[in-house]
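To start, the structure under review is shown below, and the notes come after it.
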Amino acid sequence: RRGWGWQQLGRGTLKNFYDTSPAETSLASLLRRAKIKGWKRQYSYVPGRKFKADFAFPLQKLIVEVDGGVYSRRAHGSIGGIIADMKRSNFAAMNGWRLMRFRPDEITKQPDSVIEQITIALEYGDEE
């Protein structure tokens, strides 16, 4: 994840945008292609906290995270990143959310499996 940035739109006009990872962009495309609806990007899931989910299905209270940096030991793969992710996961659970995590290579190399897992989790969430 690269963080918040600004995009020049023309003479003196700036637009705030979230520069997502290629794997997040791929997952969004997969969800659209599979006609899975109800998801939101960069969703704030804990009131009073700045935590944002890569993808959230608010009605089913399902969070889907793309864990970049797993192999590089940067960002989420660093010790500080792992500790921060544990804290975020615990806050999500305390607020009734379920959490799924995928590596970028899973999204690109096993897209059918990723979509199947998300679909099953969404169906399970609808039964509650």
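The values are calculated or read from the model by the stated rules, or taken from the named source; none is laboratory data. Just so it is clear, the structure is predicted and the values come from calculations on it, not from any experiment. Note: ideal-geometry Cβ built from the backbone for every residue, glycine included; neighbour counts use all protein chains shown. Please note that ligands, DNA and RNA were not included when accessible areas were found on the heavy atoms of the full protein model with its side chains. Shrake-Rupley method; radii C 1.70, N 1.55, O 1.52, S 1.80 Å.
Observations, loosely collected:
- Residues (open to solvent by less than 50 Å² (accessible area, probe 1.4 Å) and in a strand (DSSP E or B)) located in segment 27-43: 42
- Within segment 77-128, being of a type in the set (Gly, Ala, Ser) and either surrounded by 15 or more Cβ atoms within 10 Å (Cβ to Cβ) or part of a helix (DSSP H, G or I) (or both) holds for 77, 80, 81, 84, 89, 92, 93, 113, 121, 125.
- Of all residue pairs spaced 6 or more apart or on separate chains, those with beta-carbon atoms under 7 Å, a first member in segment 83-112 that is closer than 13 Å to residue 49 by Cβ and a second member that is open to solvent by 50 Å² or more (accessible area, probe 1.4 Å) are 89/99; 91/49; 92/99; 97/61.
- The C-beta contact set for segment 49-63 (first residue in contact (Cβ under 8 Å) with a residue 12 or more places away in the chain, second residue assigned to a strand (DSSP E or B) and open to solvent by 30 Å² or more (accessible area, probe 1.4 Å), distance under 6 angstrom, 6+ apart or interchain) comprises 53/43; 56/40; 56/43; 62/98; 63/99.
- Every residue from segment 45-68 that is surrounded by fewer than 17 Cβ atoms within 10 Å (Cβ to Cβ) and at pLDDT 95 or above: 58, 59, 61
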